[in-house]
Amino acid sequence: MALLSVPEINLQVSDSQQIKQFLGLRGIFFDQWSCDVDFEADASSETILKAYEKDLLPFMKNGGYESADVISINSTTENYVAIRAKFLAEHTHSEDEIRFFVDGSGLFWFNLETEPVFNLLCERGDLISVPSGSKHWFDAGEKNPYVKAIRIFIDMTGWIPEYTNSKIELNYLDFKVVRK
Ligand SMILES: [Fe+2]
């Protein structure tokens, strides 16, 4: 279940509807999908995509999305330090970045510039669409990362990051999620 935090004002929101409303007011789509399947650690992409088909296919059709795949990051992922660094630097994309969390967790950070930076802890069942052009970064943690997520695209080239080089993310490296 997602958890929204605004560190500067010490705000935490755990209610899904309130999170949806907070993000929706800022043009960020958030939803939650469920399925009855508990996946094996080595479950194939096909198995995972099939299990979420009832939500995934209508979502893709309505949004004009062409493809979906599954990414997995865990403690055995090669070059994780370099992979983390790529996600961790503030950037934008020319296409919406849509991620559905099948398992594990990660923090999406948003810098909308007109208000304090906030983050969304995404966990199993959470879908987030980071709007094109919005400044954001992502962290699966320094140690023991675990993310299994469906990525949904119009065109994969739209997901290439354009880095802002602001280094704003460095101000938040010490942030720890602690549910109140
Ligand atoms: Fe991104």
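The values are calculated or read from the model by the stated rules, or taken from the named source; none is laboratory data. Everything quoted here is computed from the prediction, not taken from an experiment. Every residue, glycine as well, gets a Cβ built from its backbone with ideal geometry; the counts of neighbours run over all protein chains shown. We work out accessible area using only protein heavy atoms, side chains counted, and drop any ligands, DNA or RNA first. Shrake-Rupley method; radii C 1.70, N 1.55, O 1.52, S 1.80 Å.
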How many residues does the stretch 79-91 contain that are open to solvent by 20 Å² or more (accessible area, probe 1.4 Å), within 20 Å of residue 167 (Cα to Cα) and not in a helix (DSSP H, G or I)?
1
Just give me the residues in the stretch 133-145 being modelled with pLDDT of 95 or more and farther than 18 Å from residue 170 by Cβ, in sequence order.
133, 134, 145
Would you be able to tell me the number of residues in the stretch 30-68 that are part of a loop (DSSP other than H, G, I, E, B) and either in contact with an Asp or Glu (Cβ under 7 Å, 6 or more places away or on another chain) or among the charged types (D, E, K, R) (or both)?
7
Within the set of pairs 6+ apart or on separate chains, which have a first residue in the stretch 36-64 that is touching a residue at least 24 places away in the same chain (Cβ under 8 Å), a second that is assigned to a helix (DSSP H, G or I) and open to solvent by less than 30 Å² (accessible area, probe 1.4 Å), and C-beta atoms under 7 Å apart?
39/48; 49/56
Taking the stretch 75-131 and the residues there that are among the acidic types (Asp, Glu) and out of contact with any helix residue (DSSP H, G or I) (no Cβ under 7 Å at 6 or more places or on another chain), the one that is nearest to the ligand (Cβ to nearest atom) would be 96
Scanning for something touching a Phe, Trp or Tyr at 6+ places or on another chain (Cβ under 9 Å) and of a type in the set (Ser, Thr, Tyr), does the stretch 139-156 turn up at least one residue?
no
